[in-house]
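Trainee: Attaching a single structure in structure tokens format; questions to follow.
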Amino acid sequence: MKKIILVIAAVMAFSLAACSQSKTKEEPKMNDPAAKKTLVAYFSATGTTAEAARQLAKAADADLYEIRPEQPYTDADLNWNDKQSRSSVEMKDRKSRPAIKGRLENAAQYDTVYIGFPIWWYTAPTIINAFIEQTDLAGKTIITFATSGGSTVSKATRDLKSAYPNLTWKEGGLLNDRSLSEAQALVERMK
């Protein structure tokens, strides 16, 4: 009888150990590249950057998140020739933080975050600062991308690095063509 009890106990112990090992194999490891997730977060006032972000999300196999202002920008708000337009006033005041509609609640699951925007006055719109300040991006690689009629993303990236030196920044590039091939080339350069 003791032998039967010992055999049953051994079988149960073996079964529990096997279940424990199989569960461990199913859980993703933190250093496993397959477990890493990517996010493309973007602000787009006219739809141009939105299209670039959609192509980038496809190329990077990433989730997509729109940074939306609480009060959408009108054409009059975006008139850079009018010194009293909303965008002109915001960009003159580097402490301006336009209110954002909603909040990215699951930032912890991402290892890489592409942040995209149109270039305004040679840099990122201040709504990008508002997004960064309300989102925990510590420990993530942040890659900038932008659309622009004539500027590069370099000054915007330098400005963001200077404002948030505790974050890990990489300069991505412009996605003015808004094509999948252009987005794929950017993803490859960032590897």
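Trainee: When the residues of region 133-163 are filtered to those that are hydroxyl-bearing (Ser, Thr, Tyr), farther than 17 Å from residue 62 by Cβ and in contact with an Asp or Glu (Cβ under 7 Å, 6 or more places away or on another chain), which remaining residue is least open to solvent (accessible area, probe 1.4 Å)?
Mentor: 157
Trainee: Could you say which residue among 98, 72 is open to solvent by 50 Å² or more (accessible area, probe 1.4 Å) and over 25 Å from residue 190 (Cβ atoms)?
Mentor: After ruling out the rest, the residue left standing is 72.
Trainee: Continuing with this model, one more query. Cβ-Cβ under 6 Å, sequence separation 6+ or interchain: first residue in region 66-89 and within 20 Å of residue 129 (Cα to Cα), partner of a type in the set (Phe, Trp, Tyr) and surrounded by 11 or more Cβ atoms within 10 Å (Cβ to Cβ). Which pairs?
Mentor: From region 66-89, the pairs are 67/43; 67/131.
The values are calculated or read from the model by the stated rules, or taken from the named source; none is laboratory data. It should be emphasised that the depicted structure is a prediction, and the values quoted were computed from it without experimental measurement. Cβ sites come from the backbone with ideal geometry, for glycine too, and all protein chains shown count toward neighbours. Note: accessible area is taken over every heavy atom of the protein model, side chains too, but ligands, DNA and RNA are not part of it. Shrake-Rupley method; radii C 1.70, N 1.55, O 1.52, S 1.80 Å.
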